[in-house]
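Below is one structure, written out as structure tokens; comments come after it.
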Ligand code: ADP
Ligand code: F6P
């Protein structure tokens, strides 16, 4: 018998395509295993204010294909305070919530850990387009975001070729260059500028030189990918390319288009598996776990261990991107 009777589910931090598939999986698996499931709107902010409602199989119908999150999300400064966290726990008690499934990023996990320290059972599901959560190889939304960026890049490439220009594309990734490096490879970029390597960035060597060498080999257009975390670099590179090579350069900042859109099959399936596994962990009386993808398998990890983990961009991808930019 599970000690948990009522599960709350919320989405928190930046939204990501596939969050709805995860919500649906938590609700339907919850009902399947005999739990009561409550939806909490607007993340921790909504929990503090008791924005909580009963969910049934129908309340998650027709959402698998939708981007964003039907539960909405928020960044809650109040929840970062001890007072806010205590309010959240007492509100959970008011609604009889024994366990909360938190779908979000690293910050949301830190919030979940605070709830666990106050006695609430928590399960984390990784949802962010940035793929920057240390405890998991994959975060829900990453694949969809990559495909959105790739689609934009293919369009930009058409016009860059027509005008023989250099296009600089700034993609999301506040702290990590997973989107940038993957799209750099899939889109055939001359250079990829990563937040992890901004400190040592030498624009002459890493951007100007490959462009000039490419022109000498007959290239007709040039693509530079810049991760958002490499702050201000897209516009700086635009100026320097024009000034130092005479090639016209245009920077495009893709922004929030990367966060929306219908999730890919991979994101829907991964979110569905993770949602079911989170509920099954509760059924098995597990406490305070993070659902993670490890070498192709979905596993659960203790929340403290998960938050102590470190993850870094595979150097192999950086190397491959350089080799193929000839
Ligand atoms: P993400 O989950 O995508 O990383 P944020 O970092 O914005 O997004 O975190 C989402 C929310 O989680 C924050 O608005 C805040 O309410 C809560 N949170 C973040 N960090 C902490 C923390 N260290 N302690 C408690 N709550 C936190
Ligand atoms: O979802 C992650 C992320 O997209 C980061 O790459 C980005 O810096 C951040 O969220 C921006 O979020 P917002 O515009 O909602 O503050």
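Only the coordinates and a few stated rules stand behind these numbers; no lab work does. This one's a predicted model, so the numbers in the text were calculated from it and none came from an experiment. All Cβ positions, even for glycine, are placed from backbone atoms using ideal geometry, and neighbour counts span all protein chains on display.
For region 37-109, what ratio Rg/Rh do Cα atoms give with a Kirkwood hydrodynamic radius? Walk me through the numbers on the way to the answer.
Values: Rg = 12.7 Å, Rh = 13.0 Å.
Ratio value, two decimals: 0.97.
Give the angle, between 0 and 90 degrees and rounded to the nearest 10, that separates the Cα long axis of helix 19-32 from the longest principal axis of the Cα atoms of the chain.
Orientation of helix 19-32: about 20 degrees from the principal axis.
Take residue 161 and residue 266, extend 7 Å from each Cα along the Cα→Cβ direction, and tell me the distance between the two endpoints in nm.
Taking the simple label geometry, residue 161 and residue 266 are separated by 2.4 nm.
Tell me, what is the percent relative contact order of region 143-259, built from C-alpha pairs under 8 Å that lie six or more residues apart? Don't jump to the answer; show the numbers that get you there.
Details: 206 pairs, mean separation 46.1, N = 117.
For region 143-259, the relative contact order is 39 percent.
Cut-off is 10 Å between beta-carbons; in what order do 284, 132 appear when sorted fewest neighbours first?
284, 132
Between helix 142-163 and the chain, what is the angle of the helix's C-alpha long axis to the longest principal axis, kept within 0 to 90° and rounded to the nearest 10?
The angle comes out near 20 degrees.
What is the Cα centroid distance between region 14-42 and region 185-205, reported in whole angstrom?
Each part reduced to its Cα centre gives a spacing of 38 Å.
With 10 angstrom as the radius, rank 140, 303 by how many other C-beta atoms surround their C-beta, starting from the fewest. Mind showing how you got there, number by number?
Numbers: 140 32, 303 24.
Going from sparsest to densest Cβ surroundings: 303, 140.
Based on other C-beta atoms within 10 Å, arrange 293, 1, 123 from fewest to most. Could you put the intermediate results ahead of the total?
On the way: 293 19, 1 7, 123 31.
Starting with the residue having the fewest Cβ neighbours, the order is 1, 293, 123.
Give me the number: length gained by fully extending residue 280 to residue 220, i.e. 0.36 nm times residue separation minus the C-alpha to C-alpha distance, one decimal in nm. Could the numbers behind the result be given before it?
Numbers: separation 60, 0.36 × 60 = 21.60 nm, distance 5.44 nm.
So the chain would gain 16.2 nm between residue 280 and residue 220.
Can you compute the label reach from residue 198? Point 7 Å from Cα along the Cβ direction, backbone N cut-off under 18 Å, restricted to region 211-226.
Residues passing the 18 Å test: 224-226.
Rounded, prolate or oblate: pick one for region 174-247, where a ≥ b ≥ c are the square roots of the eigenvalues of its C-alpha gyration tensor, a/c under 1.5 means rounded, and failing that, prolate if a/b is larger than b/c, else oblate.
Oblate shape, in that a/c is at least 1.5 and b/c is the bigger or equal ratio.
Against the longest alpha carbon principal axis of the chain, how many degrees, from 0 to 90 and to the nearest 10, is the axis of helix 233-245 turned?
The angle comes out at about 10 degrees.
Relative contact order of region 1-118: what whole-number percent is it, with Cα pairs under 8 angstrom and at least 6 residues apart?
Working: 218 pairs, mean separation 44.5, N = 118.
For region 1-118, the relative contact order is 38 percent.
What number, in percent, do you get for the relative contact order of region 182-238 if the mean sequence gap of Cα pairs under 8 Å and at least 6 apart is divided by its residue count?
Values: 50 pairs, mean separation 27.7, N = 57.
Across region 182-238, relative contact order equals 49 percent.
Based on the Cα coordinates of region 241-326, what is the per residue volume of their convex hull in Å³? It would help to have the intermediate numbers written out before the result.
Numbers: hull volume 16.6 nm³, N = 86.
Dividing the Cα hull volume of region 241-326 by its residue count gives 194 Å³.
Separation of region 135-164 and region 54-76 by C-alpha centroid, Å?
When both Cα centres are located, 26 Å separates them.
For n ≥ 4 DSSP H runs only, could you compute -39500 (n - 2.57) per run for the chain, divide by its residues and tell me the 222 nm figure to the nearest 500? Write down the numbers at each step before the final one.
Numbers: 11 runs with 131 residues, N = 326.
Result for the chain: -12500 deg cm²/dmol, rounded to the nearest 500.
So for the chain, considering every pair of alpha-carbon atoms, how many percent are separated by more than 25 Å?
Details: 27499 of 52975 pairs.
The calculated P(r) of the chain puts 52 percent of pairs beyond 25 Å.
For a distance above 14 Å, tell me the whole-number percent of Cα pairs in region 93-169 that qualify. Write out the running numbers ahead of the final one.
Details: 2049 of 2926 pairs.
Tail of the P(r) past 14 Å holds 70 percent of the pairs.
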